[in-house]
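Here's the structure, in structure tokens; my notes come after.
The values are calculated or read from the model by the stated rules, or taken from the named source; none is laboratory data. Just so it is clear, the model here is predicted, and its values are computed rather than measured. Heads up, the Cβs are rebuilt from the backbone with ideal geometry, glycines too, and the neighbour counts pull from every protein chain shown.
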Amino acid sequence: MAVLEKLTSQQAIDLENKYGAHNYHPLPVVLSKGEGVYVWDVEGKKYYDFLSAYSAVNQGHCNPKIVGAMVNQAQTLTLTSRAFYNDKLGEYEKFATEYFGFDKLLPMNTGAEAVETALKVCRKWAYEKKGISENDAQIIVCENNFHGRTTTIISFSNDPVARKNFGPYTQGFIKIEYDNLEALQHALENNKNVAGFMVEPIQGEAGVYVPSEDYLSKAKALCEKHNVLFIADEVQTGIARTGRLLATCGNCSCTDKNCSGTPDVKPDILILGKALSGGAYPVSAVLANDDIMNVITPGSHGSTFGGNPVAAAVAIAALEVVRDEKLAENAYELGELFRSEMNKYIANSKIVNLVRGKGLLNAIVINDSEESETAWNICVALKENGLLAKPTHGNIIRFAPPLVMTKEQLMECVEIITKTLKEFEK
């Protein structure tokens, strides 16, 4: 095959299958271009993107402001390492800490790295500030969580595919049921060495499970009572996805004139990634106030690429797009519309049981077992009809389009989804 020869979809798939590790099971579509809410395959077919790279592309594909910031910085200075200062990192740290309401930011690259960083910060705080004996700290996590796939993170996962044959596992974690305050209270009262509670405000990978309205606020109150750090993993739910700047904003909507945009359930440690760069570059961050973050000292943690000038410039631009284009407000309004329209269909459907979610992070539950291929087949049919989505946990289909979507585009997508579902009604 000539180097400049254009690949067909099948040729691209064959290359990945032959030369790449088989750690993913992609939908059979090969993408080569993206703009806004759309992507195109190598043959030129156009699709609505209803996954947004797992909510990394909230600002839309190839957002011109973000790409412009990336190109401009890449032509000036890309990497210094943290052995030296650069003229972009401090500017980014100031912007982001003021934007989210924290004293300090620790820059990393990927979501999993940020989760690992938060765990380390929490443990060090426990030993140096709370007085827990070294190596005895416990961190409470929730069943069916998804925080990444590093060795430590899979140690407290209950996904057998992620865990099997990767042991021995890291100790120091207590698993409790999600959205169960009694379980959290019991764990806090019966374990004197608890340092933190790490939770997803909405469990995305598990099927877009939205907890009870008062779960986060009461969980935070329990943590405060027991001097335990409340750690919010907002890698997927943060940056306007759920109709708020952060999902920990509780019940206020960003359409509320009285909403300040700051969380009314403020985490002690906030984990961000994905849309922090608008999908243009790997950028993640951990934010906390000085009394927590100051346990990190020179040499105790680091990253060669974390905080590089390109990442800093891209993240500022990505957050400015969210603010200036009012993407949280748009996600809130379109999310309400999407669930309303889907509920109209579900009322007379035999194939869909329910729709759930917040903002533009939603899922439908297919009336079949997790072991069935119905959801996968529906996603393949959606692809044929011009919309890309992906199943999670067998019988659940997640819908998470870019937040730059318009009402007209959303209604066209609802039509595609309902038309496709009708093909599977029995």
Give the number of residues within the range 40-77 that are out of contact with any Lys or Arg (no Cβ under 6 Å at 6 or more places or on another chain) and farther than 24 Å from residue 109 by Cβ. 9
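Condition check ((1) surrounded by 15 or more Cβ atoms within 10 Å (Cβ to Cβ); (2) more than 23 Å from residue 378 (Cα to Cα); (3) not basic (Lys, Arg)) across all residues:
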{"site": "7", "(1), (2), (3)": "no, yes, yes"}
{"site": "10", "(1), (2), (3)": "no, no, yes"}
{"site": "18", "(1), (2), (3)": "no, yes, no"}
{"site": "21", "(1), (2), (3)": "no, yes, yes"}
{"site": "25", "(1), (2), (3)": "no, no, yes"}
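Assess whether residue 148 counts as being among the small types (Gly, Ala, Ser), within 17 Å of the chain's Cα centre (by Cα), in the same structural domain as residue 272 (by TED's automatic domain parsing) and outside any strand (DSSP E or B). So that I can check it myself, show each step before the final result.
On the way: among the small types (Gly, Ala, Ser): yes; within 17 Å of the chain's Cα centre (by Cα): yes; in the same structural domain as residue 272 (by TED's automatic domain parsing): yes; outside any strand (DSSP E or B): yes.
Judged against the criteria, residue 148 is a match.
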Among the residues of the range 391-413 satisfying the criterion of being at pLDDT below 95 and surrounded by fewer than 21 Cβ atoms within 10 Å (Cβ to Cβ), which is farthest from residue 360 (Cα to Cα)? 394
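Taking only the range 19-56 into account, find how many residues are among the acidic types (Asp, Glu) and touching a His at 6+ places or on another chain (Cβ under 8 Å).
Selection size over the range 19-56: 2.
Picking from 295, 310, 283, 321, which residue would you name as being within 26 Å of residue 34 (Cα to Cα), of a type in the set (A, V, I, L, M, F, W, C) and touching a Lys or Arg at 6+ places or on another chain (Cβ under 6 Å)? Spell out how you get there, then give the answer.
On the way: 295 fails: within 26 Å of residue 34 (Cα to Cα); 310 fails: touching a Lys or Arg at 6+ places or on another chain (Cβ under 6 Å); 283 fails: touching a Lys or Arg at 6+ places or on another chain (Cβ under 6 Å).
Step by step, each of 295, 310, 283, 321 is checked, and only 321 is within 26 Å of residue 34 (Cα to Cα), of a type in the set (A, V, I, L, M, F, W, C) and touching a Lys or Arg at 6+ places or on another chain (Cβ under 6 Å).
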Among 382, 360, which is the only one that is surrounded by 15 or more Cβ atoms within 10 Å (Cβ to Cβ), farther than 24 Å from residue 213 by Cα and modelled with pLDDT of 95 or more? 382
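When you look at residue 299, is it farther than 28 Å from residue 65 by Cα and either modelled with pLDDT of 95 or more or not basic (Lys, Arg) (or both), yes or no?
Working: farther than 28 Å from residue 65 by Cα: yes; either modelled with pLDDT of 95 or more or not basic (Lys, Arg) (or both): yes.
In short, yes.
In the range 284-357, which helices (runs of 4 or more DSSP H) lie fully inside it and hold 3 or more residues that are farther than 21 Å from residue 409 by Cβ and touching a residue at least 12 places away in the same chain (Cβ under 8 Å)?
290-293, 309-324
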If you go through the range 96-111 one residue at a time, how many are under 20 Å from the mean Cα position of the chain (by Cα), in a helix (DSSP H, G or I) and surrounded by fewer than 20 Cβ atoms within 10 Å (Cβ to Cβ)? 2
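Just to check your reading of the model, which residue among 225, 218, 129 is out of contact with any Leu (no Cβ under 9 Å at 6 or more places or on another chain) and over 20 Å from residue 393 (Cα atoms)?
Working: 225 fails: out of contact with any Leu (no Cβ under 9 Å at 6 or more places or on another chain); 218 fails: out of contact with any Leu (no Cβ under 9 Å at 6 or more places or on another chain).
The conditions single out 129.
Of the residues 317, 331, which is out of contact with any Phe, Trp or Tyr (no Cβ under 8 Å at 6 or more places or on another chain), of a type outside the set (Val, Ile, Thr) and not assigned by TED's automatic domain parsing to the domain that holds residue 29?
Values: 331 fails: not assigned by TED's automatic domain parsing to the domain that holds residue 29.
Unique residue meeting the criteria: 317.
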